[in-house]
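Take a look at the structure set out below.
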Amino acid sequence: MLEKTVEQKVVPPEVAEAQAESAEVSLRDYVRIVMKHLWVIVAFFVVVVTAVTIHTFRLKPVYRASARINIRRESPSLNKIQDLWNFYATQREYMETQYKLIASKNIAQRAFDKLSEQDRSEFKGPRPIDAFLSGVVVEPIKDTFLVDVSYEGSDPKKIASWVNRLVLEYIDYHNMQKTASSIEVEKKISDEMPKIEKKLRDSENELLSFQEENQILSFEDEKEILYQNLGEYEAALRTVRRERIDVEVQFATIEKARKAGIPLDLVPEVQANRLLQELKIQIAKMEQEYLTQKSRYREDLPRVKVSKDQLDLVRRQYEDEVGKVVGEITERFTEIQSRETKLVAERDAVREQLRILQPKQARYLQLSETVKQNRKIYNDYSEHSKQLTVATSVNLNEISLVDPADPPSTPVKPNRLLNITMAVLVGLLGGIGLAFFLEYIDDSVKGPEDVEKYLRTPLLGVVPRFGRGTDDKSRDLVSINDPKSTISEMFRSARTGILFSSSKGEPRTLLVWSVGAGEGKTMVAVNLGVTMAQSKSRTLIIDADLRRRRLHKSFEMENDAGLSTYLSGQRAAEELVKKTRIENLSILPAGPAPPDPSELLGSEKMRSLIGSLLSSYDRVIIDSAPAMVVTDAALLASMVDGIVQVIAASKVSRKHLQRGIEQMTKVGGNNLGAILNKLKAQKGGYYYSGYYYYTGYYGSSPKDRTKTA
């Protein structure tokens, strides 16, 4: 069982390999995005860092001068009367109040008035006191009574003198308020003491009178005795009730038998009597003896008469004993009932005493609590009066200056190192974020994975982007001019992919199309034709883009006549086909621009032309107009064996590409796949490793042929 569990947890090698590859691809995607938008990141980084640096160095230095004071809390014993006047706050509230007082307008005005005329003139505006207060900073030191009072400004000496003046004014104001408050409180205590003392004496007298009226020294003792008696009565009642229930059953059985006319000696409770049982046996024997004698002798004989008299005597004894037993049961039942009734009455009497005692006890507790509170208030007032007298005579200061402010030597603002460091971080992270945002809003096909993932179409090949300055002619004939280059090898790979893309055999007629203009379909069509001709296949390239004719320029030929000439019925196709300098490769130019290209390309004549050309050529490649611009490509799609889409990387949105494929397949086009064109082969981008391999193998320089534009 253990081995089976272990086997279930083992990840198959192919799954582990797929997971590792997925993680590698994700990381590679992130690197690609950063490398793709590297200049955006660098530009954003440079702008942010430069702007913050310039702004930081242009800021005027700000200094801070700090004075430290100690705010001691008043004696905790003074808190005992805070409910009467709300004079003393809690510790936190008291300290918060002092912080606000330091930075209040009242203290600031007192300090401002004592500044020199020159210092006051530095605070401009309609409310100079607000300008003065704007530089004050109050910072309590955690877990202490120490507070730093600071002032920020551009002149170190002046701000030191200003903050010292502010602190001294605050200390003077606090001492003045404390003295005034002490005098006011002491007077109020003196006025209230006689009233509080009288209230205490009245409450004590009322409690004493209540105790005398109810003749109670202690409610607790009496209450304990009553509860003890109540418990005893309850226990006795439980015992009596158990006895009464047992006897009541016997009594009820007897009464029931009496009412039903049943002999009482048949009642089980009566039959259980031992004497009655013995008498009953004796009667049975005597009856048997009497009957025997009666059967032998006459009834008038003395022997028979004696036997009968003895039997009657025993029967009377039996009946008397039955009556006695019944009487005892009845008497016992009556006695138990009487005892139960008496116990219930006595228990209820105790309960009534407890009920009467409860309101008296509540009143007693109320009077006692009143006396206790009045005595506490009296003691608090007395203690407070003594402390105020001592504090006033000693004149203790709760607030003292610990360290006066000195002129600062270094500014606190701006923190140039911090600002520039933050600018570097913001610039770098912001630039990377901007790069990922640009990548997010760009829904074009960016690489081979996107073709298969979003378009659901086979990828036939990838063509890297040409270097800057490369003209159309050089691009179109790259497979001839530089057969060992990466791009030439890519086209040969695409040719192989096309030939093996169909399950019905190698396609002979191909339509090269794209969604939009400028995606490189003519260049792809020409190079595919060249590679197919190089493989000994007789190949014909037809320029079916009758609106933007470019095929003849790639081979430096005239375009005086071509496909449009044939479709309009002016000349035969054989006369219009032109051989190129490349063996096995011919072209059919577009010819003059017709007024109705779509009607010509969608005609039956065009279909029969394609069929007739297969007798002379192994491969026929048609270069069409963009599918989303005109309907020419859709008209030609059903006339060929397969269609090959050219997609320019990072140019057309995926939505338009999907719509183009849907449109072409809907009209009957056999979609063989797509060739991804103009792919950047830079480091960190798609296919960089493959591109580097090909250039190294063929000995071509990336700078000369396919360096990233």
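The values are calculated or read from the model by the stated rules, or taken from the named source; none is laboratory data. These numbers come from a predicted model, not from an experiment. Cβ coordinates were reconstructed from backbone atoms using ideal geometry, including for glycine residues, and neighbour counts include every protein chain displayed. What goes into the accessible areas is simple: the full protein's heavy atoms, side chains included, and nothing from ligands, DNA or RNA. Shrake-Rupley method; radii C 1.70, N 1.55, O 1.52, S 1.80 Å.
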Next on the checklist: If the requirement is being modelled with pLDDT of 90 or more and either surrounded by 14 or more Cβ atoms within 10 Å (Cβ to Cβ) or under 60 Å from the mean Cα position of the chain (by Cα) (or both), which of these qualifies: GLY569, GLY591?
Outcome noted: GLY591
Item to check | Wholly enclosed strands (runs of 3 or more DSSP E) of the range 539-645 bearing at least 2 residues closer than 30 Å to ARG456 by Cα | outcome: 539-543, 619-623
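Residue-by-condition table, conditions (1) modelled with pLDDT of 95 or more; (2) over 45 Å from the mean Cα position of the chain (by Cα):
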residue	(1), (2)
TYR617	yes, yes
ILE622	yes, yes
ALA625	no, yes
LYS655	no, no
LEU676	no, no
LEU679	no, no
THR695	no, yes
Item to check | Checklist (1) more than 21 Å from THR531 (Cα to Cα); (2) open to solvent by less than 20 Å² (accessible area, probe 1.4 Å); (3) among the aliphatic types (A, V, I, L, M) applied to VAL620, failing item | outcome: (1)
Next on the checklist: Can you say whether ILE216 is modelled with pLDDT under 75, open to solvent by less than 20 Å² (accessible area, probe 1.4 Å) and either of a type in the set (Lys, Arg) or part of a loop (DSSP other than H, G, I, E, B) (or both), as far as the supplied structure shows?
Outcome noted: yes
Next on the checklist: Of everything in the range 102-134, what is outside any helix (DSSP H, G or I) and open to solvent by 60 Å² or more (accessible area, probe 1.4 Å)? Give them in sequence order.
Outcome noted: LYS114, GLU122, LYS124, PRO126, ARG127, SER134
Item to check | Among the candidates ALA544, ALA525, residue that is touching a helix residue (DSSP H, G or I) at 6+ places or on another chain (Cβ under 7 Å) and surrounded by 24 or more Cβ atoms within 10 Å (Cβ to Cβ) | outcome: ALA544
Item to check | Any helices (runs of 4 or more DSSP H) falling wholly within the range 397-488 and containing at least 1 residues that are under 50 Å from the mean Cα position of the chain (by Cα) | outcome: 416-441, 448-454
